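A quick write-up on the structure given underneath.
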Amino acid sequence: MKHFSLALAVVIFVSSVDCDRHKIVEKSLQRTGVECHQYNPPENCMARCQTLLTHDWNDMTGMQSVYDRFFQPSPVDRCNFNRTQRCLSAKLPKIAPEKKCIRASESIQCYLDQFGEVMVDIPKFVRSSGLQEQQIYRECATMMGFSKQRFLQVLNDTDYSLQDSRCLLRCFMIRSGLYSDNGGLNLERFYVACGGYDDEFYHNVTQCIKDVRASSTCDRCSLAHRLVMECIGSQYDVNKLNFYQYNDDVDQVNNYATFYLINVNLP
């Protein structure tokens, strides 16, 4: 049996500099081990610390299924996902909710035992937190030269009828690592942002991308908007991706706008 131990995770970590990283964050399990070792958590909380850094653990909902991106299953193993889920269903109900560190550690053990070979040294995409997403929008609005009045209009434009709304969305996706003009939608990263999806989703989105590109004469902002809304949005509730839309609740949108108007240095 494999064990997710401090010895496995704390190794020499070498980082590289990429001049085109925007706000993209990628972490390997090696790196999270090094980071957590600096914070000196209790030994049985190391697993929880590391999965908090990769944004895969939630004390209320448990392990996100996209934690599987750190594992390489056997190509002939078609049952690894189901075995892992059965392991989680069997173990976690026996552990008291307040024992968060043990719950996280046992969840990781299920992946180690059931899912496949762990890839310790390969960095994987980490989705931005809510606060980080707010920061990205704030920076995009500033770089795009929005006035406070225009920014408020954009944040209330839940149908993306304004060109500035579509351009803000494009900026957000580029800086979040979800999109580029040359590469289009990054489906590997959308897998993490969406909380996972199956092969059918991937094939449907891939075909949709081809169809949109073949039929589109849009500008860059409108093309980015069409790709994410028509291709990802046709399969997945894009509101969950935090594209400054909160279930079309005007009060929530205005609260979000107020956050920016207070914190953004807009003319």
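Data table
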item: Any hit, segment 170-185, residues being in a helix (DSSP H, G or I) and over 14 Å from Tyr137 (Cβ atoms); result: no
item: Residues that are in contact (Cβ under 8 Å) with a residue 60 or more places away in the chain, of a type outside the set (Val, Ile, Thr) and either buried (at least 16 other Cβ atoms within 10 Å of the Cβ) or assigned to a helix (DSSP H, G or I) (or both), drawn from segment 140-155; result: Ala141, Phe146, Lys148, Phe151, Leu152, Leu155
item: Number of the condition not met by Asp219 [criteria: (1) at positive phi; (2) open to solvent by 60 Å² or more (accessible area, probe 1.4 Å)]; result: (1)
item: Counted residues, segment 120-135 - those being without any contact (Cβ under 8 Å) to a residue 40 or more places away in the chain and touching a strand residue (DSSP E or B) at 6+ places or on another chain (Cβ under 9 Å); result: 0
item: Residue check for Tyr202: within 23 Å of Gly130 (Cβ to Cβ) and open to solvent by 30 Å² or more (accessible area, probe 1.4 Å); result: no
item: The lone exception for Glu117 - which of (1) of a type in the set (Asp, Glu); (2) over 29 Å from Cys171 (Cβ atoms); (3) out of contact with any strand residue (DSSP E or B) (no Cβ under 7 Å at 6 or more places or on another chain) it fails; result: (3)
item: Every pair of residues 6+ apart whose Cβ atoms lie under 6 Å, when the first sits in segment 39-67 and is open to solvent by 40 Å² or more (accessible area, probe 1.4 Å) while the second is part of a loop (DSSP other than H, G, I, E, B); result: His55/Val126; His55/Arg127; Gln64/Asp56
item: Single unsatisfied condition, Arg127 versus (1) modelled with pLDDT under 95; (2) of a type in the set (Lys, Arg); (3) part of a helix (DSSP H, G or I); result: (3)
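The values are calculated or read from the model by the stated rules, or taken from the named source; none is laboratory data. All figures in this text were calculated on a predicted structure; none of them were measured in a lab. Note that we place each Cβ from the backbone using ideal geometry, even for glycine, and neighbour counts take in every protein chain shown. Side chains are part of the model used for accessible areas, which takes the heavy atoms of the whole protein and leaves out ligands, DNA and RNA. Shrake-Rupley method; radii C 1.70, N 1.55, O 1.52, S 1.80 Å.
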